[in-house]
1. Put +1 on the Cβ of every Lys and Arg and -1 on every Asp and Glu Cβ in region 1-150; which of Ile91, Thr6, Leu67 then has its Cα farthest towards the positive end of the dipole?
2. With the crude spin-label approximation of a point 7 Å out along Cα→Cβ, what separation in nm comes out for Ser182 versus Glu116?
3. Give me a comma-separated list of calculated 3J(HN,Hα) values for region 4-20, in order, Karplus coefficients 6.51, -1.76, 1.60 applied at θ = phi - 60°, integers in Hz, x for any Gly or Pro.
4. Holding the Cα-Cα limit at 19 Å, pick out from Lys222/Lys321; Lys103/Lys200; Lys109/Lys200 the pairs that are longer than that.
5. Could you list the trypsin sites (Lys or Arg not before Pro) in region 216-299 that lie in coil according to DSSP, counting only those with at most 16 other Cβ atoms within 10 Å of their Cβ?
6. Mind checking the full-extension length gain between Val347 and Lys294? Use 0.36 nm per residue of separation minus the Cα-Cα distance, one decimal, nm.
7. Would you mind working out the magnitude of the charge dipole of region 226-313 relative to its Cα centre, with +1 at each Lys and Arg C-beta and -1 at each Asp and Glu C-beta, to the nearest 20 Debye?
8. Expressed in nm to one decimal, what extension gain is obtained for the pair Glu25 and Asp189 from 0.36 nm per residue of sequence separation less their Cα-Cα distance?
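No value in this document is a laboratory result; all are computed from the given coordinates. Keep in mind that this is a model prediction, so the values were computed, not measured. Cβ placement follows ideal geometry from the backbone for every residue including glycine, while neighbour counts extend to all protein chains displayed.
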Amino acid sequence: MSKIATLEIDGNKYEFPIIEGTENELGIDIKTLRAVTGGVTTIDPGYKNTGSCESAITFLDGEKGILRYRGYSIEELADKADFLEVCYLLIFGELPTAEQLEKFDKDIKEESQVDEDMKKILDGFPKSAHPMGVLSSLTSALIAFNPGSVDVDSEEAMYGAIVKILAKFPVLAAWTMRKKKSLPLDYGDNSLGYVENLHKMMFSRPNQTYEANKIVNDALDKLLILHADHEQNCSTSTVRIVGSSHAGLFASLSAGISALWGPLHGGANQAVIEMLEAIREDGGDTAKYIAKAKDKNDPFRLMGFGHRVYKNFDPRAKIIKKSAEEVLGDLGIEDPVLDIAKGLAEVALKDEYFVQRKLYPNVDFYSGIIYRALGIPTDMFTVMFALGRLPGWIAQWREMRLRKEPIGRPRQIYIGENYRVFKPISER
Ligand code: SDX
């Protein structure tokens, strides 16, 4: 028997069906709300209580700290899968067979050339440009070199666009970093794996033989998996709403990159390291920064702490914290900011302000410590987040288009001036 929600307004009762997800989540289906109530709408700033869609890609349970991609736990995927397998799983819904993965890898490699004229666009940016702004622009510019829009009714056309962007995005990300470092742009090596090739494109030196480091590439692979999708977060919702106007995949991804850049979202991983560095330069005075974070008159927030969904712990943060300790140990790196981060977390997790608001370390709190250990510049941290999130954005865009979701167009409650007559300037 399906559940019903009853709403009463001015003595009139309205019933709405309640839909139930496969993990027993309940959602009040208000598709008919405005029609049956004569125009009443809902208000929910930041959509904290509003579901935008039904999705079969990622499941989160914020209370239990559960994260699953297509039913598989993040813990198992981070431990047993590689990033390309997870890309395939998120986008197509199943873990690939050996043959499917081999074809996927081959098809991606065949698309890994980027039009040489893209370098002219990259050259137009000053070295001071933030990599996220450059990457968003280059992703949008790709449209000019791949003008055919994606025919979503054609699986073949959709697959073609997907392997194209999975192939070219890492090249553009690596080029963005190398441009800032005045290094020649590297095309990588198609004999390498996806993540190993990314690392080579980022770090190879023209006068040295590139030597892969298994510890580094395994850590990178795990980080990309942990960032691969996270249901309807800010940047994914951006990709969906841009795509809902039937804008192309690359245009939608470019918008998602811009949304991810914000320090309250993916930009937090850069902000965390900057915060930890500031604390270190300030003599490691964590108490001072905890007090600042709690002070309502101080705009300072404990970056890397808190989450809209996770109210106990972010399972990704747990895995990344452990990985940070392992990677730094394996690489023989002593990074004082890791100790500051652990000290900060320890104090905050016992402080009533954070406990009462259910604020815990999130995915961004420790990730920058590993990126730093891997030699990645701080302003490239959010680019690494985007590289991980790419398959999730693609999967969500594809699902939205295949389900023929309507164009996203929220309503509002107007609180401005009532009607008034225009006054000529002589009378103002
Ligand atoms: C990501 O959505 C996703 O899934 C995102 C993500 C993904 O994988 O896509 O997980 C990636 O974006 C992780 C979050 C990275 N951002 C940060 O680390 C920035 C710092 N955190 C916050 O700004 C904040 O916690 C958010 C943005 C993450 C969540 O904000 P909410 O859910 O809108 O919560 P809120 O801002 O309404 O805060 C509730 C209370 C407020 O205090 P009161 O007004 O109730 O007194 O908690 C306080 C806030 O002031 N608070 C913090 C805090 N985060 C929330 N106080 C100090 N430091 C913080 N970090």
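1. Thr6
2. That separation, rounded to one decimal, is 2.5 nm.
3. Once θ is set to phi - 60°, the couplings for region 4-20 become 10, 10, 10, 10, 10, 10, 6, x, 9, 9, 10, 10, 10, x, 10, 8, 10 Hz.
4. On the way: Lys222/Lys321 12 Å; Lys103/Lys200 22 Å; Lys109/Lys200 15 Å.
Violating the 19 Å Cα-Cα cut-off are Lys103/Lys200.
5. Numbers: sites: Lys222, Arg240, Arg280, Lys288, Lys292, Lys294, Lys296; in loops: Lys296.
When the trypsin sites (Lys or Arg not before Pro) of region 216-299 are filtered for loop state and at most 16 Cβ neighbours within 10 Å, Lys296 remain.
6. 17.8 nm is the gain from fully extending Val347 to Lys294.
7. Values: 9 positive and 9 negative charges, 69 e Å.
Using Cβ point charges on Lys, Arg, Asp and Glu, region 226-313 gives about 340 debye.
8. Extending this stretch completely gives an extra 54.5 nm.
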